[in-house]
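Structure first, commentary second.
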């Protein structure tokens, strides 16, 4: 039994297999092929944070693979009323075949997986968002081929997406330039662990020079709404615009995990730029997660 809590839980070979499989599953879906390896399998989806793309992609993915998904919000479970994570894991994992959790503290998914009898997927925590990185890498591969040896620039907050990009730099063998304001850097431990893959910058112009991919995210994540005004002031110089992308390589791609705040972390017109592939990126959540579910549930078949 395997869990997927960060990209480091899989080997580089396994991750590259997942990307290729996601592309294959996407092509099969576009051709209208029926493929149901997860018939009679059930995914339990625990949401402590709201979501559009995560919920729809996992639920649709299970349906397309012949399985079923159960949506559980804090209002629907005893977990939301104080039942210990360990007890919820023991019970739920005896009733479903796989569990995905979207929550706040990363420790919650670690504790849940330690007591689960079925695979557990991290669908976002405050520290990591590995499922989104599978979709991002898939999107890059579809448009430009292998990301190995390329340069990726992250501009903005050193948040869960940034930290998953650090993991991705290690696993997919690319270099990551991170541009953040002082005090908003990613985990110093993660940066140290990936020192040969990560460079830190203050000026986003320096970070995007020579970049093959530029990515960003909102300036205030869920749970940081009370910091919104202050973050807008601090992060204003870190807006990604068409002019900033012009400093990168001519064939650069731009990604954003969405939802985007136009006029804040991205200029009003950036998502309409032909270098932006955010809609493909969002669609690929579906197919990357289908590949992940198939990998976790069909290893012995």
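Okay, here's what the table says:
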| read-out | value |
| --- | --- |
| Failed item in (1) under 19 Å from residue 217 (Cβ atoms); (2) crowded, with 24+ Cβ neighbours inside 10 Å, with residue 104 passing the rest | (2) |
| Total residues in the stretch 246-277, condition surrounded by fewer than 22 Cβ atoms within 10 Å (Cβ to Cβ) and assigned to a helix (DSSP H, G or I) | 2 |
| Selected residue (only one of 30, 26, 49 is crowded, with 16+ Cβ neighbours inside 10 Å and under 28 Å from residue 144 (Cβ atoms)) | 26 |
| Condition broken by residue 290, with the remaining ones in (1) over 29 Å from residue 182 (Cα atoms); (2) part of a loop (DSSP other than H, G, I, E, B) satisfied | (2) |
| Hey, residue 100 in the same structural domain as residue 11 (by TED's automatic domain parsing), touching a helix residue (DSSP H, G or I) at 6+ places or on another chain (Cβ under 7 Å) and either at pLDDT 95 or above or part of a loop (DSSP other than H, G, I, E, B) (or both) or not | yes |
| Lone qualifier among 215, 211 - being buried (at least 17 other Cβ atoms within 10 Å of the Cβ), closer than 11 Å to residue 155 by Cα and out of contact with any helix residue (DSSP H, G or I) (no Cβ under 6 Å at 6 or more places or on another chain) | 215 |
| Pair list, Cβ under 8 Å, 6 or more apart: the stretch 223-242 residue over 17 Å from residue 209 (Cβ atoms), other residue assigned to a helix (DSSP H, G or I) | 224/231 |
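The values are calculated or read from the model by the stated rules, or taken from the named source; none is laboratory data. The shown structure was predicted, so the numbers you read here are calculated from the model rather than taken from an experiment. No Cβ is skipped: glycine too gets one built from the backbone with ideal geometry, and neighbour counts run over all protein chains shown.
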